[in-house]
Amino acid sequence: EYETALEELKSSNEELVSVNEELQSANEELEAAKEEMQSVNEELHTVNAELNNKILALDRANSDLHNLFESSNVATLFLDPKLAIRSFTPLMERIFNILPSDRGRPITDLSSHFILPSFTQDISRVLAGAAPIERRVEHTESGADYLVRFAPYRHGESQRIEGAVVTFVDVTELSQAEHRQRILIAELLHRTRNLLTVVQAMAVQTLGRGAPLKSFTTRLASIGRVQSLISESRHEEVDLGELIRIELEAHAAEHGEQVTVGGPPVRLNLERVQALALALHELATNAVKYGALKDGTGRLAVHWTLEKGEQDSTTLVLLWEESGVAMPADVSRHGYGRQLIEKSLRYSLQAKAEMSFGADGVCCRIEVPLARKGSLYGGNGTLPVGRPGQPLPAAPDDPLRSDPV
């Protein structure tokens, strides 16, 4: 019995040792798990801190946007692809009759104080990827003028279109200023035409009638036509094709088989219009008196192109080409018209003008530098008139003579 009890004790001891080893192994696993939990806890603290920072940044961004919308005088409306209202600025409530409870409703279900017949079509075009669209509309109650701009709502780095942004900007003061400016310009042009009439009458009284007076008055008439064209233009720019057309029509040279005119749309500011109009007048006068428009046998082609240069600069290249003309033996005479074309354009517009005389007609090439990329052709980026320290080219002793160019 003693031996049996001893063996049982040994067996129990071995089991206890085995259990102790298992407990030690389990303890080690718990220690490892504890360390992992601590590591996970530290990571969670780090992630939580990052999330808190992002939440604070989002709160600041949201606050900045809210203050921006509150401080700006721009009513903004955000729409989803189905034209449902996502959100809007406070100013939108006043001018478009939108309530906070209208979020989620289609904008087409609401009435407004604006006449917008193409509202839905403009939004659809923007959602389809078209460029932003701008329109001027009038507020039916207040009579204020607004500039409405439709632009796509792009999301994330993919720039995927997920809706539209519609903004309303009050431009009443700008419209009133433009109206006053148009009135002042119209009055100025009217007085300019009256002044040209007075100058013409004084010339008649001073010089008497004859070829010199006729040449002088035709140049004055050219300036008057330009003034009329400017007054009819809604902007401070004139279309080059229209300028050429009125000059040819003034010389009874309408577009037909004898005359061809063509080129891309080019709008010129007032400075360039005045200088080019005088040059075109001299060319047209010479063509009627001595060149392609003297009779029905000649041909005149007026074409222009836009050529790109360095640093996104653009140059207008205009070609005046006559053909079917019996050229005189001596073409070396330089009348005032030719001097005006070849020299005055260079000083007033920094342009290049070159006259060449072929076997059957005159060819004139005029190169005028236009504004660089970022503004309209002939916009605010005007060139200086003349060069510092250098006078404009002087006219010959008899500035009114009508020599061929």
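The values are calculated or read from the model by the stated rules, or taken from the named source; none is laboratory data. Computed from a predicted model, the values in this text were never measured in an experiment. Cβ sites come from the backbone with ideal geometry, for glycine too, and all protein chains shown count toward neighbours.
If you check Leu392 against the conditions, is it buried (at least 17 other Cβ atoms within 10 Å of the Cβ) and either modelled with pLDDT under 75 or aromatic (Phe, Trp, Tyr) (or both)?
no
Name the residue, out of Asp122, Asp80, that is in contact with an Asp or Glu (Cβ under 8 Å, 6 or more places away or on another chain) and of a type outside the set (S, T, N, Q).
Asp80 is the lone residue from the list that is in contact with an Asp or Glu (Cβ under 8 Å, 6 or more places away or on another chain) and of a type outside the set (S, T, N, Q).
Testing Arg94 on (1) at pLDDT 80 or above; (2) part of a helix (DSSP H, G or I), one condition comes back false. Which one is that?
(1)
Within the range 114-144, how many residues turn out to be part of a helix (DSSP H, G or I) and of a type in the set (Phe, Trp, Tyr)?
Residues in the range 114-144 being part of a helix (DSSP H, G or I) and of a type in the set (Phe, Trp, Tyr): 1 in total.
Table: residues versus (1) under 30 Å from Ser142 (Cβ atoms); (2) not charged (D, E, K, R).
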| position | (1), (2) |
| --- | --- |
| Leu23 | no, yes |
| Glu28 | no, no |
| Arg60 | no, no |
| Leu77 | yes, yes |
| Pro81 | no, yes |
| Ala84 | yes, yes |
| Ile95 | yes, yes |
| Gly104 | yes, yes |
| Leu110 | yes, yes |
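I'd like to know if the range 378-388 contains one or more residues that are touching a helix residue (DSSP H, G or I) at 6+ places or on another chain (Cβ under 9 Å), modelled with pLDDT under 80 and among the β-branched types (Val, Ile, Thr).
Yes, some residue in the range 378-388 is touching a helix residue (DSSP H, G or I) at 6+ places or on another chain (Cβ under 9 Å), modelled with pLDDT under 80 and among the β-branched types (Val, Ile, Thr).
Only residues that are closer than 13 Å to Ile341 by Cβ, touching a strand residue (DSSP E or B) at 6+ places or on another chain (Cβ under 8 Å) and not in a strand (DSSP E or B): list them for the range 281-321, please.
Correct list: Leu283, Asn286, Ala287.
Only residues in the range 336-365 that are assigned by TED's automatic domain parsing to the domain that holds Val317 and outside any loop (DSSP other than H, G, I, E, B) count as the first member; pair them with residues that are polar (S, T, N, Q) and surrounded by fewer than 18 Cβ atoms within 10 Å (Cβ to Cβ), Cβ under 6 angstrom, at least 6 apart or cross-chain, and list the lot.
Filtered contacts from the range 336-365: Cys363/Ser356.
Could you list, in sequence order, all residues of the range 97-113 that are aliphatic (A, V, I, L, M) and outside any loop (DSSP other than H, G, I, E, B)?
Scanning the range 97-113 gives a single hit, Ile107.
Looking for something farther than 30 Å from His155 by Cα, outside the structural domain of Asp122 (by TED's automatic domain parsing) and either assigned to a helix (DSSP H, G or I) or modelled with pLDDT of 85 or more (or both) - is there at least one such residue anywhere in the range 45-62?
yes
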